[in-house]
Ligand SMILES: [Zn+2]
Ligand SMILES: [Zn+2]
């Protein structure tokens, strides 16, 4: 897998975030010939450019966790959407009686955006409403789905392929009855990508915003017995030096833990 965006809430580019990156969530996962993408935050633009540079048709399965701006703002700038040579399937959960297609269309309408999806997307495009809890086959990979505790709802995904597994659990607030379900869902995974936006101190002023802490990330990794903890959805205000410090703290408890960085590649 390759990380194209690791930052939470709002892009935070600049010299102070150069090493960890300032783009919002987008993760590329390769399972054999299959391309899976998790979220289309601002990092999706770079991924789209990289795919275009291969000059090959793109076949992609894109899983959207939820529809907050930071997970979707890259959609109108994701290059493969504009070529008829490509095949894109979008997966996401219906919310409040609206289908995935209706929700995504709502992002690209005046006065928020100059053109609509229908006007400009040229790829062969399928929208697939996810019934949370279902397993979705993608080639030889299986993508499992779980509801996470986040305002407005959010889907956690687990990919199993070739005896390896990863869990994408961003935007989750700890401390509810849903925690246990996530631990079971992530049980034994090779990598757990987990929302670690806050410290416990920061979290006290931000309960109900839908995010977790690095301390809760460590507890989740311990409880679900995962091999590697990957901190994710970094606070936009946490600069590179502060990120280094946070990682040092986490490693006192989980020596294998890493913080996701833009352009970082993880092989499982
Ligand atoms: Zn987010
Ligand atoms: Zn969110």
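Coordinate-derived values only; no laboratory data. On a predicted model such as this, the values are computed, not experimentally measured, just so you know. Cβ: placed from backbone, ideal geometry, glycine included. Neighbour counts: every protein chain shown.
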Exercise. Points 7 angstrom from Cα along the Cβ direction at residue 268 and residue 102: gap in nanometres?
Worked result: 3.4 nm
Exercise. Over segment 216-268, with a single point scatterer placed on each C-alpha, what log10 of the ratio I(q)/I(0) does the Debye formula yield at q = 0.22, 0.23 1/Å?
Worked result: -0.89, -0.96
For this session: Would you give the gap between the C-alpha center of segment 24-87 and the C-alpha center of segment 190-268, rounded to a whole Å?
Result: 24 Å
For this session: Report the equivalent ellipsoid semi-axes for the chain in whole Å, largest first, defined as the square roots of five times the eigenvalues of the gyration tensor built from alpha carbon atoms.
Result: 28, 20, 19
Seminar exercise, completed: P(r) over all Cα-Cα pairs of segment 1-55, 5 Å bins from 0 to the longest distance, whole percent per bin, short to long, reads 5, 21, 26, 24, 14, 7, 3, 0
Exercise. How much length, in nm to one decimal, is gained on full extension between residue 33 and residue 19, taken as 0.36 nm per residue of separation minus their Cα-Cα distance?
Worked result: 2.1 nm
Seminar exercise, completed: Hits in segment 68-108: amide N under 12 Å from the 7 Å Cα→Cβ extension of residue 116, namely 102, 105-108
For this session: Only Cα pairs under 8 Å and at least 6 apart count here; give the relative contact order of segment 113-260 as a rounded whole percent.
Result: 17 percent
Exercise. Within segment 58-205, what percent of beta bridges assigned by DSSP are antiparallel, to the nearest 5?
Worked result: 50 percent
Problem set entry | For the chain: relative contact order, % (alpha-carbon pairs under 8 angstrom, 6 or more apart) | 18 percent
Exercise. Mean residue ellipticity at 222 nm from the helices of the chain, using -39,500 (n - 2.57) per DSSP H segment of n ≥ 4 over the full residue count, to the nearest 500 deg cm²/dmol?
Worked result: -5500 deg cm²/dmol
Exercise. Please state the equivalent ellipsoid semi-axes for segment 133-268: what are the square roots of 5 times the Cα gyration tensor eigenvalues, largest first, in whole Å?
Worked result: 23, 18, 13
For this session: Grab the Cα-Cα distance for residue 52 and residue 147, subtract it from 0.36 nm times how many residues apart they are, and report the gain in nm with one decimal.
Result: 30.9 nm
For this session: Quick one: grab the alpha carbon gyration tensor of segment 150-222, order the square roots of its eigenvalues as a ≥ b ≥ c, and give me rounded if a/c is under 1.5, else prolate or oblate depending on whether a/b is larger than b/c.
Result: prolate
Exercise. In percent, how large is the relative contact order of segment 1-160, given Cα pairs closer than 8 Å and 6 or more residues apart?
Worked result: 17 percent
